[in-house]
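K.L.:
My questions will all concern the structure given below.
The values are calculated or read from the model by the stated rules, or taken from the named source; none is laboratory data. In this text the structure is predicted, and so the values were computed from the model without any measurement. Glycine also receives a Cβ, built like all others from the backbone with ideal geometry; neighbour counts cover every protein chain displayed. SASA here: full protein model, heavy atoms, side chains in, ligands and nucleic acids out. Shrake-Rupley method; radii C 1.70, N 1.55, O 1.52, S 1.80 Å.
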Amino acid sequence: MSRYDIAIIGSGPAGLEAAITAKIRNKEIILFGSRDLSKKVNSAHEVLNYLGLPSISGKDMEEAFRRHIQEMGIEITEDKITAVYAYGDFFMLQRNNGELVEATTVILATGVVAGKPYPGEEAFLGRGVSYCATCDAPLYKGKTVAVIGGSAHEEAEADFLSEVCGKVYYFPLYKETPSFHGDIEVIYEKPVEILGTMKVSALKTDKGEYPVDCVFVLRDAQFPGQLVPGLETEGNAVKTDLQMKTNLPGLFVAGDIAGQPYQYIKSAGQGNVAALSAVNYLAQLKK
Amino acid sequence: MEIIKSVQEFDEVVAGNEKVFVDFYADWCGPCKMLAPVVEGLAGKHPEVKFIKVNVDDTPELAQRYGIMSIPALIVFKNGEAAQASVGFQPEAALERLLY
């Protein structure tokens, strides 16, 4: 497996600017994101304060960004990263397709995850709360589990669980009607709390309570501390400094994940700083 | 690292060493595989601590005894008592903090 110099996660202004700067510095990069770049960008009505692009619509901004990365020969790898593991002098990134990618440095530019964990979620993590169906399903062989699905992508995970577990409840957090191959009971209620004493005993919703042995919380985007075990956070943001460093050497952040203000131009600027910090870090390692 | 195959063997190791670092894992668990080299590295730096691995499929009694609901799970025993625990992948610096 080849090791990239810099892996960048996120294709909003922070991730794209980081990729552009890293490319100019001749680094081997891989950029994970979406072909639509960023929902937050392309759904913007009008942006007034982005230098050089006055009164621009989100759609036009997306086009300008796309043209820029295409001119630079930067490609986007369309896949979700489900975990980033720190090994000291390099990182392993777990792709949703099961493959692993190695990189010497990582720039997280995944945006900010709205909301906060459910009451009980953090307390029962590992004792009936799981973020990974493929990892923990065999622990719940024949048991009753709940899946909180952030998007239709998670339906496959619930299908997988239904092959192993005795009973699967599925709580969609989205509007489309889920479709399954397995035997799964879909409940259109809003989860509000994970209950238990030593371990999870039930999932509480706005309308009732479901006795379960495990709650699989499969959000569309993970909180940064869940994405990168061991990463220090403060609220919804990762703790960082003016060089965009984190508590994990070689891991940098940029954009909304680094905290407020949530502004496109700030994100792009931080993407630039994060890439240069990664370049410096790589140079230090070679000494 | 030594892989413990029975409850009796486990109890003997925990009783017979001042500090024991236990890595509960299973062969089908991706994050366990990711964590293994970190634990190996830590073991290399701490010869004063006994490091062992327990396959939860081989000895489900131990997983049950310690209430293990998710793996990888790490427990540090000090003088025979479970003193520190951690679940999931952690970088080496975080695991090292469990030892003290």
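K.L.:
On the basis of being under 30 Å from residue B:58 (Cα atoms), open to solvent by 50 Å² or more (accessible area, probe 1.4 Å) and without any contact (Cβ under 8 Å) to a residue 24 or more places away in the chain, does residue A:122 make the cut?
P.N.:
Taking the combined requirement at face value, the residue satisfies it.
K.L.:
A follow-up question, please. Kindly indicate which of A:115, A:142, A:150 is farther than 17 Å from residue A:219 by Cα and surrounded by fewer than 19 Cβ atoms within 10 Å (Cβ to Cβ).
P.N.:
None of the other options fit; the residue is A:142.
K.L.:
If you take the residues of segment A:61-87 that are touching a residue at least 60 places away in the same chain (Cβ under 8 Å) and closer than 26 Å to residue A:224 by Cα, which of them is surrounded by the fewest Cβ atoms within 10 Å (Cβ to Cβ)?
P.N.:
Taking the candidates together, the pick is A:80.
K.L.:
Also: Mind checking whether some residue in segment A:227-250 is over 26 Å from residue A:151 (Cα atoms), hydroxyl-bearing (Ser, Thr, Tyr) and at pLDDT 95 or above?
P.N.:
yes
K.L.:
Next question. Can you tell me which of B:26, B:15, B:73 is of a type in the set (A, V, I, L, M) and either touching a residue at least 60 places away in the same chain (Cβ under 8 Å) or open to solvent by 10 Å² or more (accessible area, probe 1.4 Å) (or both)?
P.N.:
B:15
K.L.:
I would also like to ask the following. Looking for something aromatic (Phe, Trp, Tyr) and either farther than 17 Å from residue A:11 by Cβ or at pLDDT below 95 (or both) - is there at least one such residue anywhere in segment A:273-281?
P.N.:
yes
K.L.:
Just the residues that are open to solvent by 40 Å² or more (accessible area, probe 1.4 Å), among the aromatic types (Phe, Trp, Tyr) and part of a loop (DSSP other than H, G, I, E, B), please, taken from segment A:160-219.
P.N.:
Selection gives A:180, A:188.
K.L.:
While we're on this one: Restrict the check to segment A:43-51 and report whether at least one residue is closer than 18 Å to residue A:224 by Cβ and not in a helix (DSSP H, G or I).
P.N.:
Checked against the condition, which is being closer than 18 Å to residue A:224 by Cβ and not in a helix (DSSP H, G or I), segment A:43-51 yields no hits at all.
K.L.:
Okay, next question. Can you tell me which residue among A:277, A:267 is over 20 Å from the mean Cα position of the chain (by Cα), crowded, with 20+ Cβ neighbours inside 10 Å and either more than 17 Å from residue A:111 (Cβ to Cβ) or assigned by TED's automatic domain parsing to the domain that holds residue A:93 (or both)?
P.N.:
A:277
K.L.:
Looking at this structure, is residue A:205 away from every other protein chain (no Cβ under 11 Å) and under 30 Å from residue A:250 (Cβ atoms)?
P.N.:
Against the criterion (away from every other protein chain (no Cβ under 11 Å) and under 30 Å from residue A:250 (Cβ atoms)), residue A:205 does not qualify.
K.L.:
Looking at segment A:164-191, I want the residues that are modelled with pLDDT of 95 or more and of a type in the set (D, E, K, R) and have a partner that is surrounded by fewer than 17 Cβ atoms within 10 Å (Cβ to Cβ) and part of a loop (DSSP other than H, G, I, E, B) with Cβ atoms under 7 Å, at least 6 apart or on another chain. Which pairs are those?
P.N.:
Qualifying pairs under 7 Å: A:189/A:206; A:189/A:207; A:189/A:208; A:190/A:206.
K.L.:
Something else about it: Just a yes or no: is a residue in segment A:216-224 within 14 Å of chain B (Cβ to nearest Cβ), modelled with pLDDT of 90 or more and in contact with a Leu (Cβ under 6 Å, 6 or more places away or on another chain)?
P.N.:
Among the residues of segment A:216-224, not one is within 14 Å of chain B (Cβ to nearest Cβ), modelled with pLDDT of 90 or more and in contact with a Leu (Cβ under 6 Å, 6 or more places away or on another chain), which makes the answer no.
K.L.:
For residue A:261, are the conditions met, namely being within 14 Å of chain B (Cβ to nearest Cβ), under 30 Å from residue A:11 (Cα atoms) and part of a loop (DSSP other than H, G, I, E, B)?
P.N.:
When the stated conditions are applied, residue A:261 does not pass them.
K.L.:
Restricting the first residue to segment A:32-60 and requiring it to be open to solvent by 80 Å² or more (accessible area, probe 1.4 Å), which pairs with a second residue that is part of a strand (DSSP E or B) and of a type in the set (A, V, I, L, M, F, W, C) meet a Cβ separation below 8 Å and a spacing of at least six or different chains?
P.N.:
These pairs meet every condition: A:35/A:76; A:46/A:56.
K.L.:
Ok, one more. Can you name the residue in segment B:31-57 that is more than 25 Å from residue A:139 (Cα to Cα) and within 14 Å of another protein chain (Cβ to nearest Cβ) and is also most open to solvent (accessible area, probe 1.4 Å) among such residues?
P.N.:
Checked segment B:31-57; the qualifying residue most open to solvent (accessible area, probe 1.4 Å) is B:45.
K.L.:
Let me ask something additional. Scanning segment B:73-100 for residues that are more than 9 Å from chain A (Cβ to nearest Cβ) and assigned to a loop (DSSP other than H, G, I, E, B), which turns out modelled with the lowest pLDDT?
P.N.:
Looking at the filtered set, the residue picked out is B:100.
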